[in-house]
Amino acid sequence: MKKYFKFIIGGTILLSLIRCGNDSKKSESINTKLNEIPKDTLTYVNFRDIRDLNPHLYAGEMYAQEMLFETLVNIGKNGYEPSLAESWNISPDGRIYTFNIRKGVSFSDGTICDANAIKQNFDAILDNKSRHTWLEMMKLLDGIEILDDYTLQIKLKEAYYPMLTELAVTRPFAMISPKAMKDGTTKNGVSGYIGTGPYILKNVVTDEYAIFEANENYWGDIPKIKKIIVKVIPDNQTRILALEKGEIDLIFGKNMLDADAINKYKDSKKFNVLLSEPTSTRQIVINTNSEILKDIDVRYALQHATNREAISKGIFYGLETPADTLYAKTVPYANIDLKPFEFNTEKSESILNKAGWIKSTSGIREKNGKKLEIGLLYNSDSVTEKIISEYLQSEYKKIGIAININGEEEQSYRDKIKSGNFDMVFNISWGLPYDPQSSLSAMRQPVYGDYVAQLGLHNKKDIDEAITKILISTDEIERQNLYKFVFESLHQDAVYIPITYECNKAIFINTLKNVTFTQTQYEVPFQQMYFE
């Protein structure tokens with residue numbers, strides 16, 4: 001008897017362009033059949049459709065892309081691990097990477113995955129280079145050469161230490177069968193989602209479900225879970241109800257579960273709860289170029305008036321731990337001693353008094369006829385940000401700071417961030433494995449809010465130069481010292497108000513084993529799961 005399983009997560013679903021089926025009868029019968037499936041299939045639920053899984057673009061759900069497509073290397077607990085490249089060498093100057101491609105690997109359509117196929121993938125990605133400039137390595141690529149059928153060499157204009165990390169992330173450097181490309185490229189779509197990964201996409205009904213089956217010709221360990229059904233359930237409470245009814249076996253993802261659900265099941269005998277180490281930082285970015293917030297005393301007062309512990313416990317029930325620094329100490333290079341801004345409203349008031357911000361009869365402070373009024377921008381789609389905004393508005397008022405909160409729909413919110421049209425704004429760090437190198441690199445780019453927020457700093461140029469040196473340094477000690485300078489500068493200049501550290505979450509039935517988290521917050525490691 002074949003095994004089937006049930007599962008839920010956070011992700012996206014597929015375009016009808018490449019749907020494997022849209023039979024209305026199948027759509028009607030899928031829900032009935034789910035309860036009749038032999039206990040050897042995993043049913044996983046996502047809040048939306050898998051959408052376009054083209055691995056060279058950014059519309060599709062990353063967990064699904066991880067199931068189908070693979071990269072040259074992986075990021076493991078102990079560093080970089082072989083994947084489609086079984087080994088590699090880096091030249092002493094850090095500019096030349098030579099990859100030895102794994103033999104005996106084929107795409108699920110039978111096409112051989114060798115250096116030629118991988119070179120075709122790089123060519124397709126570079127054909128759409130402007131879409132990928134958020135990756136620093138795209139600016140540094142100097143050439144890609146096939147040395148033989150199973151040896152590929154990548155040359156850079158200068159050394160770039162995060163090179164392997166950027167090659168290992170979910171997209172865009174995942175490999176698709178050249179036969180699925182359109183006219184040798186992928187920027188205008190693909191004809192199928194054909195990868196080398198442990199699973200194959202078998203069927204999709206838009207906004208209803210997707211079915212993945214184990215790739216029996218996979219070069220690595222064949223998954224013990226042979227079939228995965230991904231149901232689409234947008235509502236959180238409906239997903240929880242489906243779990244309780246036995247219609248799904250696993251809910252997975254930092255945005256798929258709220259604190260109430262975690263607390264409800266943490267002592268359950270039927271379900272297991274799992275939380276990861278910090279994956280990203282929930283924060284408020286302060287615009288140091290704004291008229292009031294260019295005053296560092298105001299920024300310090302805000303830091304000391306922010307009760308992170310109260311937010312952690314009152315809003316997140318302690319599941320998101322208080323954040324003292326921009327990056328958690330578990331993030332690479334971030335394990336340095338930075339003195340936290342302790343919660344102390346008396347200290348906040350003292351700082352403001354000494355800086356000349358005096359409380360008026362209205363209770364709001366003024367200086368030279370200017371009221372201490374600050375705007376706080378948040379994404380109106382985020383209930384959490386709205387709750388935190390209202391809490392901070394009330395708390396800051398107690399020390400004489402008026403906060404005008406403003407919720408904007410996502411596109412308007414992003415446009416205001418990019419243009420620097422904000423005093424303070426909610427943000428979340430890029431998260432692992434992009435922190436710290438990619439998120440710091442973006443701070444030098446005008447299209448990101450961090451760049452605008454830092455323009456009021458006297459040492460902005462020094463910070464940017466240090467970040468550039470970090471990325472090209474081949475000396476580990478020098479790199480750590482440069483990171484230390486950047487982290488200390490941003491902390492001492494109080495550019496960011498860290499709120500809490502986000503973590504990944506999972507709830508699953510107790511017969512499902514080996515549910516873990518990987519080094520990337522976007523992957524669901526189906527391949528290693530099994531039922532007892």
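The values are calculated or read from the model by the stated rules, or taken from the named source; none is laboratory data. Quick caveat, the model's predicted, so the values are computed rather than measured. Quick reminder, even Gly has a Cβ in these numbers, built from the backbone with ideal geometry, and neighbours come from all protein chains shown. These area figures cover heavy atoms from the full protein model, side chains too; ligands, DNA and RNA do not enter into them. Shrake-Rupley method; radii C 1.70, N 1.55, O 1.52, S 1.80 Å.
Restrict the check to the stretch 191-208 and report whether at least one residue is free of Cβ contacts under 8 Å to residues at least 24 places away in the same chain and either open to solvent by 20 Å² or more (accessible area, probe 1.4 Å) or farther than 15 Å from Asp109 by Cβ (or both). Break it down into steps so the answer makes sense when it comes.
From the stretch 191-208, those free of Cβ contacts under 8 Å to residues at least 24 places away in the same chain are none; that's our starting set.
Within the stretch 191-208 (the criterion being free of Cβ contacts under 8 Å to residues at least 24 places away in the same chain and either open to solvent by 20 Å² or more (accessible area, probe 1.4 Å) or farther than 15 Å from Asp109 by Cβ (or both)), the answer is no, since none of the residues qualifies.
In the stretch 342-371, which residues are within 25 Å of Lys313 (Cα to Cα) and not small (Gly, Ala, Ser)? First the steps, then the outcome.
Residues of the stretch 342-371 within 25 Å of Lys313 (Cα to Cα): 342-349.
Once the filter is applied, which keeps residues that are within 25 Å of Lys313 (Cα to Cα) and not small (Gly, Ala, Ser), the stretch 342-371 yields Glu342, Phe343, Asn344, Thr345, Glu346, Lys347, Glu349.
In the stretch 111-149, which residues are polar (S, T, N, Q) and either at pLDDT 95 or above or over 27 Å from the mean Cα position of the chain (by Cα) (or both)? Break it down into steps so the answer makes sense when it comes.
If we filter the stretch 111-149 for residues that are polar (S, T, N, Q), which is where we start, we get 111, 116, 120-121, 128, 130, 133.
Selection gives Thr111, Asn116, Gln120, Asn121, Asn128.
Restricting to the stretch 238-260, count the residues that are in a helix (DSSP H, G or I), within 23 Å of Gln521 (Cα to Cα) and either at pLDDT below 90 or not hydrophobic (A, V, I, L, M, F, W, C) (or both). Break it down into steps so the answer makes sense when it comes.
We begin by selecting, within the stretch 238-260, every residue in a helix (DSSP H, G or I); these are 238-244, 259-260.
From what's left, within 23 Å of Gln521 (Cα to Cα): 239-240, 243, 259-260.
Filter once more, so that each one left must be either at pLDDT below 90 or not hydrophobic (A, V, I, L, M, F, W, C) (or both): 239, 259-260.
Looking only at that region, the number is 3.
Can you tell me which of Ala305, Ala323 is aliphatic (A, V, I, L, M) and over 30 Å from Leu471 (Cα atoms)? Please lay out each step first, then the result.
Details: Ala323 fails: over 30 Å from Leu471 (Cα atoms).
Being aliphatic (A, V, I, L, M) and over 30 Å from Leu471 (Cα atoms) holds for just one of Ala305, Ala323, which is Ala305.
Asn504 - would you say it is surrounded by 21 or more Cβ atoms within 10 Å (Cβ to Cβ), out of contact with any helix residue (DSSP H, G or I) (no Cβ under 9 Å at 6 or more places or on another chain) and either modelled with pLDDT of 95 or more or not hydroxyl-bearing (Ser, Thr, Tyr) (or both)?
Working: surrounded by 21 or more Cβ atoms within 10 Å (Cβ to Cβ): yes; out of contact with any helix residue (DSSP H, G or I) (no Cβ under 9 Å at 6 or more places or on another chain): yes; either modelled with pLDDT of 95 or more or not hydroxyl-bearing (Ser, Thr, Tyr) (or both): yes.
Spelling it out, Asn504 is indeed surrounded by 21 or more Cβ atoms within 10 Å (Cβ to Cβ), out of contact with any helix residue (DSSP H, G or I) (no Cβ under 9 Å at 6 or more places or on another chain) and either modelled with pLDDT of 95 or more or not hydroxyl-bearing (Ser, Thr, Tyr) (or both).
So is Glu247 in contact with a helix residue (DSSP H, G or I) (Cβ under 8 Å, 6 or more places away or on another chain), under 22 Å from Val515 (Cα atoms) and touching a residue at least 40 places away in the same chain (Cβ under 8 Å) or not? Don't jump to the end; show me each part of the working.
Working: in contact with a helix residue (DSSP H, G or I) (Cβ under 8 Å, 6 or more places away or on another chain): yes; under 22 Å from Val515 (Cα atoms): yes; touching a residue at least 40 places away in the same chain (Cβ under 8 Å): yes.
Answer is yes for this residue.
From Leu482, Leu490, Leu457, grab the single residue that is more than 26 Å from the chain's Cα centre (by Cα) and either within 30 Å of Asp258 (Cα to Cα) or crowded, with 17+ Cβ neighbours inside 10 Å (or both). First the steps, then the outcome.
On the way: Leu482 fails: more than 26 Å from the chain's Cα centre (by Cα); Leu490 fails: more than 26 Å from the chain's Cα centre (by Cα).
Exactly one residue qualifies, and that residue is Leu457.
Determine which single condition Ile463 fails, assuming it passes every other condition in (1) free of Cβ contacts under 8 Å to residues at least 24 places away in the same chain; (2) open to solvent by less than 60 Å² (accessible area, probe 1.4 Å).
Answer for Ile463: the failing condition is (1).
Can you work out which of the residues in the stretch 227-237 that are in contact (Cβ under 8 Å) with a residue 12 or more places away in the chain and not in a loop (DSSP other than H, G, I, E, B) is surrounded by the fewest Cβ atoms within 10 Å (Cβ to Cβ)?
Among residues in the stretch 227-237 that are in contact (Cβ under 8 Å) with a residue 12 or more places away in the chain and not in a loop (DSSP other than H, G, I, E, B), the one surrounded by the fewest Cβ atoms within 10 Å (Cβ to Cβ) is Asn236.
So how many residues does the stretch 436-485 have that are charged (D, E, K, R) and outside any helix (DSSP H, G or I)? Don't jump to the end; show me each part of the working.
Start the filter on the stretch 436-485 by keeping residues that are charged (D, E, K, R), which leaves 444, 450, 460-462, 464-465, 469, 475-476, 478-479, 484.
Restricting the remaining residues to those that are outside any helix (DSSP H, G or I) gives 444, 475.
Total satisfying the criteria: 2.
Give the residue, chosen from Phe426, Phe422, that is in a loop (DSSP other than H, G, I, E, B) and closer than 20 Å to Leu392 by Cβ. Let's see the steps before the verdict.
On the way: Phe426 fails: in a loop (DSSP other than H, G, I, E, B).
Answer to the check: Phe422.
From (1) farther than 17 Å from Asp52 by Cβ; (2) surrounded by fewer than 22 Cβ atoms within 10 Å (Cβ to Cβ); (3) within 27 Å of the chain's Cα centre (by Cα), pick out the condition that doesn't hold for Asp183.
The one condition Asp183 does not meet is (3).
Go through (1) surrounded by fewer than 19 Cβ atoms within 10 Å (Cβ to Cβ); (2) more than 23 Å from Val383 (Cβ to Cβ); (3) not basic (Lys, Arg) and name the single condition Asp258 misses.
Result: Asp258 passes all but (2).
Confirm whether Leu152 is out of contact with any Pro (no Cβ under 6 Å at 6 or more places or on another chain), at pLDDT 95 or above and either assigned to a loop (DSSP other than H, G, I, E, B) or open to solvent by less than 10 Å² (accessible area, probe 1.4 Å) (or both).
On the way: out of contact with any Pro (no Cβ under 6 Å at 6 or more places or on another chain): yes; at pLDDT 95 or above: yes; either assigned to a loop (DSSP other than H, G, I, E, B) or open to solvent by less than 10 Å² (accessible area, probe 1.4 Å) (or both): yes.
The answer is yes for Leu152.
Can you work out which of the residues in the stretch 42-60 that are open to solvent by less than 30 Å² (accessible area, probe 1.4 Å) and among the charged types (D, E, K, R) is nearest to Gly184 (Cα to Cα)?
Ranking the candidates gives Asp52 first.
Of all residues in the stretch 372-406 being over 19 Å from Lys313 (Cα atoms) and modelled with pLDDT under 95, which is most open to solvent (accessible area, probe 1.4 Å)? Before you say what the answer is, go through the steps one by one.
Going through the stretch 372-406, the residues over 19 Å from Lys313 (Cα atoms) turn out to be 372-381, 397-406.
In the following step, the residues that additionally are modelled with pLDDT under 95 were identified as 379-381.
On the way: Asn379: 21, Ser380: 58, Asp381: 107 Å².
Filtering first and then ranking leaves Asp381.
Working only within the stretch 314-344, note down all residues that are assigned to a helix (DSSP H, G or I) and surrounded by fewer than 16 Cβ atoms within 10 Å (Cβ to Cβ).
So the first thing to find is which residues in the stretch 314-344 are assigned to a helix (DSSP H, G or I), and the list is 314-316.
Within the stretch 314-344, just Gly314 meets the criteria.
Step by step: first the residues of the stretch 73-98, then only those that are small (Gly, Ala, Ser) and crowded, with 16+ Cβ neighbours inside 10 Å, then the one that is nearest to Gln521 (Cα to Cα). Which residue is that? Full working, then the answer.
Residues of the stretch 73-98 small (Gly, Ala, Ser): 76, 79, 83, 85, 87, 91, 94.
Retained after the next criterion (residues that are crowded, with 16+ Cβ neighbours inside 10 Å): 83, 85, 94.
On the way: Ser83: 19, Ala85: 23, Gly94: 28 Å.
Among them, the one singled out is Ser83.
From the list Ile311, Ile364, Ile286, exactly one residue is in contact with a strand residue (DSSP E or B) (Cβ under 7 Å, 6 or more places away or on another chain), open to solvent by less than 30 Å² (accessible area, probe 1.4 Å) and under 28 Å from Ile470 (Cα atoms). Which is it?
Numbers: Ile311 fails: under 28 Å from Ile470 (Cα atoms); Ile364 fails: under 28 Å from Ile470 (Cα atoms).
Exactly one residue qualifies, and that residue is Ile286.
With the requirement that a residue be open to solvent by less than 10 Å² (accessible area, probe 1.4 Å) and under 18 Å from the mean Cα position of the chain (by Cα), what does the stretch 261-280 give you?
Ser280, the sole residue that qualifies.
Just to be sure I understand, how many residues within the stretch 99-124 are open to solvent by 10 Å² or more (accessible area, probe 1.4 Å) and farther than 14 Å from Ser83 by Cα? Lay out the reasoning, then the answer.
Filtering the stretch 99-124 for residues open to solvent by 10 Å² or more (accessible area, probe 1.4 Å) gives 100, 102-104, 106, 108-112, 114, 116, 119-120, 123.
Applying the additional criterion that residues be farther than 14 Å from Ser83 by Cα yields 108-112, 116, 119-120, 123.
Within the stretch 99-124, residues that are open to solvent by 10 Å² or more (accessible area, probe 1.4 Å) and farther than 14 Å from Ser83 by Cα number 9.
Any idea which of Asn100, Asn121 is in contact with a strand residue (DSSP E or B) (Cβ under 8 Å, 6 or more places away or on another chain) and assigned to a helix (DSSP H, G or I)? Reasoning before the result, please.
Details: Asn100 fails: assigned to a helix (DSSP H, G or I).
Result of the check over Asn100, Asn121: Asn121.
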